[in-house]
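Heads up: the structure comes next, in structure tokens.
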Amino acid sequence: MKKILFKILFWTLAVLITLGSAYYQRKTGPTYPKNIEINLDGNRTKFELPRSGDSNEDRIVEVPYSKHTSVILNYRHFPVNESFTKVNFIQVDNNMVTHLPKQLPAGKLEYFLSFENIETGKTSETEHVVIRFKGSVPNWALIPHIIFIFLAMLLSNLAGLFALGKIEKHVFYGKLTLLLLLLGGMVFGPIVQYYAFGQAWTGIPFGWDLTDNKTLIAFVFWIVAVLGNRKSPKYRYTIIASIILFLIFIIPHSLFGSELDYSSGKVVTGFIQLFF
């Protein structure tokens, strides 16, 4: 009975850890919309600036309408030393709306918004934001990728907790983790990357794409753990591999990601600033 209770506890903890880390990664990722707060007509106004776009269409940027304030979008290619292009906003219902021009897959734009009070002439600006564009990824590749990676994280956490509790079934869940990492990270991952940015693999030895490299590191550690547990359960292998996977997968996606080099027209490993 005690063993069953421990298993229920470990399953619950594994689910909570997985959901928590997935939420943290999404909220801290450099492609997640940037929350902005600015003073409009004496009121603190909140809105979001997008940091990810589809290469097939211009990206909408919108802010709440204010009758006393004009808004200008300033953008340029990133990272290119060029002047900013200015675009006016237009009113659509209760919002001011404009568009960032679509870019080739992995193309980036740096942009910020300028506000001017029409009556007083007082101006203010938002912080600079970088947006990256990507190609459309078909659901048959994206959905399995997400599901397999999520399940790999879940079962990795479960295997690590089972190993801490000296429950030998950690070996079984370790094998499932490795299989799911293989499918989600090493098979469907490159397929998603190819559709999104035109290259299947930009990690070692071809580049320093953080998403590719962290998947590779986690995969290698779990290979070692599974091989180390072949003849007899060795709890430390599973614990180390699960900790490595946890630490790796809370690192935000796209921190060192694919980036279009506008001078050569080639996709290289770039850098999206985490705090932009």
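The values are calculated or read from the model by the stated rules, or taken from the named source; none is laboratory data. This one's a predicted model, so the numbers in the text were calculated from it and none came from an experiment. Cβ: placed from backbone, ideal geometry, glycine included. Neighbour counts: every protein chain shown.
Quick notes
- On the stretch given as region 55-99, residues that are part of a strand (DSSP E or B), surrounded by fewer than 14 Cβ atoms within 10 Å (Cβ to Cβ) and charged (D, E, K, R) total 1.
- Scanning region 100-122 for residues that are hydroxyl-bearing (S, T, Y) and surrounded by fewer than 14 Cβ atoms within 10 Å (Cβ to Cβ) yields a single hit, T120.
- Restricting region 36-52 to residues that are of a type in the set (K, R) and loosely packed, with under 14 Cβ neighbours inside 10 Å leaves a set whose member that is farthest from L245 (Cα to Cα) is R44.
- The set of residues in region 1-35 that are of a type in the set (A, V, I, L, M), at pLDDT 90 or above and surrounded by 13 or more Cβ atoms within 10 Å (Cβ to Cβ) comprises L13, A14, V15, I17, L19.
So that you can scan it fast, the table gives a plain yes or no per residue for (1) closer than 30 Å to L113 by Cβ; (2) among the aliphatic types (A, V, I, L, M); (3) assigned to a helix (DSSP H, G or I); (4) at pLDDT 95 or above:
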{"position": "Y173", "(1), (2), (3), (4)": "no, no, yes, yes"}
{"position": "L180", "(1), (2), (3), (4)": "no, yes, yes, yes"}
{"position": "Q199", "(1), (2), (3), (4)": "no, no, no, no"}
{"position": "W208", "(1), (2), (3), (4)": "no, no, no, no"}
{"position": "N213", "(1), (2), (3), (4)": "no, no, yes, no"}
{"position": "R230", "(1), (2), (3), (4)": "no, no, no, no"}
{"position": "A241", "(1), (2), (3), (4)": "no, yes, yes, yes"}
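- Pair list, Cβ < 6 Å and 6+ apart or interchain, from region 1-28 residues that are under 12 Å from F249 (Cα atoms) to residues that are in a helix (DSSP H, G or I): I17/N157; T18/M153; T18/L154; T18/N157
- Extreme residue, surrounded by the most Cβ atoms within 10 Å (Cβ to Cβ), among residues of region 123-148 that are outside any loop (DSSP other than H, G, I, E, B), of a type in the set (A, V, I, L, M) and in contact (Cβ under 8 Å) with a residue 40 or more places away in the chain: I131
- Among the residues of region 169-199, those identified as of a type outside the set (G, A, S), closer than 30 Å to N56 by Cβ and in contact (Cβ under 8 Å) with a residue 60 or more places away in the chain are Q193, Y195, F197, Q199.
- For L183, the requirement of being under 30 Å from E259 (Cβ atoms) and surrounded by fewer than 24 Cβ atoms within 10 Å (Cβ to Cβ) is met.
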